[in-house]
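Visitor: The structure's right below; bear with me while I get my questions together.
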Amino acid sequence: MTNLDPKQWITEEHEGCGSAFSLRIARKLEEKQSPFQKVEMYETTDFGNFMLIDGCTMVSTRENFLYHEMIAHPALYSHPCPKDVVIIGGGDCGTLREVLKHDSVTSATQIDIDQVVTEMAEKYFPELCESNNDPRATIKFDDGIKFMADAAPESTDIIIVDSTDPVGPGEGLFNHAFYKNCLKALRPGGILVQQSDSPLLHLALLCEMRDAMTEVGFADLQTLNFPQMIYPSGWWSCTMARKEVAFDGFRQDDADAASFDTEYYNSEIHQAAMATPNFVKKAFKK
Ligand code: SAM
């Protein structure tokens, strides 16, 4: 058990990793037990508001741009003209906001299983919810596993899985059956992108995800690395999988000429994020 004063610090201990992460808190704002998970909100001394789900760090005001920009923009710029986007999870609405910055997007449908997460986000992260009323946005509360199973074939260009880890309601978002349904729902050239945990601490899971995506028939994969300090190890990733065609670079000129603002993402970061460390390369080859 950590010896930080729980009145002053909120700590997530990373089961099986021998590590933990803490933020200093000013006060607890709210806690709600939904039918699916426990959602806690804190005000921190230095990171703004802070959300945990079932004790796992999710979002803070200060650093969430790293994750939301990197799970959205590389996939969108790797597609020639993304129009329809599906977001599975993403209940804090930060990913939806990034997706809707792209003028080519004509529909963005977010399906999170837990309405409590979005209610808390609207209260404590209003800046992440600023695009929720965009006419192109549809926000649903349902199981993403079921949504993808029922999705019409070749009905979308991009699927973003911005979910919790493969535990609890998120478990079924990391297996062959789910990936098969994503492949079916994507148009040719379409891209699935999923948060794929820490290459340093969760390399086995990352490899399992990539193997399953390949085994169900995705033509090409790209894992992107980026910093995410509130998640275990602070080194995070997302993995893109493409239907029928290989990744062939990205729309660098469009990224450079973007009419919208980002805090982290740009074309150099995009390029750099695709670089793979040697120990990860070796694991991918196994
Ligand atoms: N950025 C965070 C991360 O990487 O851990 C995730 C953000 S978001 C808060 C994660 C969301 O996944 C939660 O709102 C949770 O309700 C949602 N989720 C988990 N399982 C789900 C499922 N089967 N269908 C839809 N949403 C799900």
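The values are calculated or read from the model by the stated rules, or taken from the named source; none is laboratory data. Small disclaimer: the values here were computed from a predicted structure and weren't measured. In this analysis, Cβ positions are derived from the backbone assuming ideal geometry, glycine residues included, and neighbour counts consider all displayed protein chains. Just so you know, the surface numbers come from the protein's heavy atoms only, side chains and all, with ligands and any DNA or RNA stripped out. Shrake-Rupley method; radii C 1.70, N 1.55, O 1.52, S 1.80 Å.
Visitor: Which GluC sites (Glu not before Pro) in segment 136-219 pass both tests, a DSSP loop state and at most 15 other beta-carbon atoms within 10 Å?
Guide: Those that pass, being in a loop and sparsely packed, are Glu154.
Visitor: Would you mind working out the magnitude of the charge dipole of the chain relative to its Cα centre, with +1 at each Lys and Arg C-beta and -1 at each Asp and Glu C-beta, to the nearest 20 Debye?
Guide: Numbers: 25 positive and 44 negative charges, 123 e Å.
That gives a dipole near 600 debye.
Visitor: Give me, ordered by chain and number, the residues 5 or more places off Thr138 or on other chains with an amide H under 5 Å from its own placed amide H.
Guide: Residues meeting the amide H criterion: Ala108, Thr109, Gln110.
Visitor: Of all accessible surface on the chain at a 1.4 Å probe, what whole percent is carbon and sulfur?
Guide: Here carbon and sulfur together make up 51 percent of the probe-accessible area.
Visitor: Oh, and also: ³J(HN,Hα) across segment 47-64 via Karplus (A = 6.51, B = -1.76, C = 1.60, θ = phi - 60°), whole Hz, x for Gly/Pro?
Guide: Computed from phi, the couplings for segment 47-64 are 10, x, 7, 8, 10, 10, 10, 6, x, 9, 4, 10, 8, 10, 4, 6, 10, 5 Hz.
Visitor: Among Lys83/Lys140; Lys28/Lys101; Lys101/Lys281, which pairs are too far apart, with a Cα-Cα distance over 22 Å?
Guide: Long pairs (Cα-Cα over 22 Å): Lys28/Lys101; Lys101/Lys281.
Visitor: Using unit Cβ charges (K, R positive; D, E negative) and no other charged atoms, how large, in debye to the nearest 20, is the dipole of segment 144-184 about its Cα centre?
Guide: 160
Visitor: Next question, about the same structure. Around Ala20, which amide H atoms from residues at least 5 apart in sequence, or from another chain, sit under 5 Å from its own amide H, with H modelled in the peptide plane?
Guide: HN-HN under 5 Å from Ala20: His14.
Visitor: So what is the 222 nm mean residue ellipticity for the chain from helices alone, if each DSSP H run of at least 4 adds -39500 (n - 2.57) and you divide by all residues, rounding to the nearest 500 deg cm²/dmol?
Guide: When only DSSP H runs of four or more count, the value is -8000 deg cm²/dmol.
Visitor: In whole angstrom, how far apart do the alpha carbon centroids of segment 125-161 and segment 1-49 sit?
Guide: Rounded to whole Å, the Cα centres lie 28 Å apart.
Visitor: Right, another one. So which chymotrypsin sites (Phe, Trp or Tyr not before Pro) in segment 226-286 pass both tests, a DSSP loop state and at most 13 other Cβ atoms within 10 Å of the Cβ?
Guide: Here the chymotrypsin sites (Phe, Trp or Tyr not before Pro) that fit, given the DSSP loop and packing criteria, are Phe260.
Visitor: In the chain, what % of DSSP beta bridges are antiparallel (nearest 5)?
Guide: 65
Visitor: Could you provide, to the nearest whole Å², the per residue accessible area of the chain with probe 1.4 Å?
Guide: It amounts to 43 Å² per residue over the chain.
Visitor: Next question, about the same structure. Given +1 on the Cβ of Lys and Arg, -1 on the Cβ of Asp and Glu, and no further charges, what dipole in debye does segment 2-60 carry about its Cα centre, rounded to the nearest 20?
Guide: For segment 2-60, the charge dipole is close to 160 debye.
Visitor: Check Gly190: other-chain or 5+ apart residues with amide H under 5 Å from its amide H, H built from backbone geometry?
Guide: Distant-sequence amide H within range of Gly190: Lys243.
Visitor: Continuing with the same structure: Based on the Cα coordinates of the chain, what is the per residue volume of their convex hull in Å³?
Guide: Output value, Cα hull per residue: 122 Å³.
Visitor: Tell me which of Ala257, Ile71, His102 sits at the most positive position along the dipole axis of segment 64-285, charges placed on C-beta atoms (Lys, Arg +1; Asp, Glu -1).
Guide: Result: Ile71.
Visitor: Taking the dipole about the Cα centre of the chain, with the C-beta of Lys and Arg at +1 and of Asp and Glu at -1, give me whichever of Val245, Gly189, His270 is farthest to the positive side.
Guide: The Cα lying farthest towards the positive end belongs to Val245.
Visitor: Under the √(5λ) rule applied to the eigenvalues of the Cα gyration tensor, what semi-axes describe the equivalent ellipsoid of segment 241-286? Give them in Å, descending. List each step's numbers first, then the result.
Guide: Details: eigenvalues 134, 48, 12 Å².
So the three semi-axes of segment 241-286 are 26, 15, 8 Å.
Visitor: In segment 69-153, which GluC sites (Glu not before Pro) are in a loop and have at most 15 other Cβ atoms within 10 Å, using DSSP for the loop call? If you can, show how the numbers build up before the last one.
Guide: Numbers: sites: Glu69, Glu98, Glu119, Glu122, Glu127, Glu130; in loops: Glu130.
Listed in order of number, the matching sites are Glu130.
Visitor: If a/c stays under 1.5 just call it rounded; otherwise compare a/b with b/c (prolate if a/b is bigger, oblate if not). Do that for segment 14-59, with a ≥ b ≥ c from the square roots of the Cα gyration tensor eigenvalues.
Guide: Oblate is the answer for segment 14-59, as a/c is 1.5 or above yet b/c matches or exceeds a/b.
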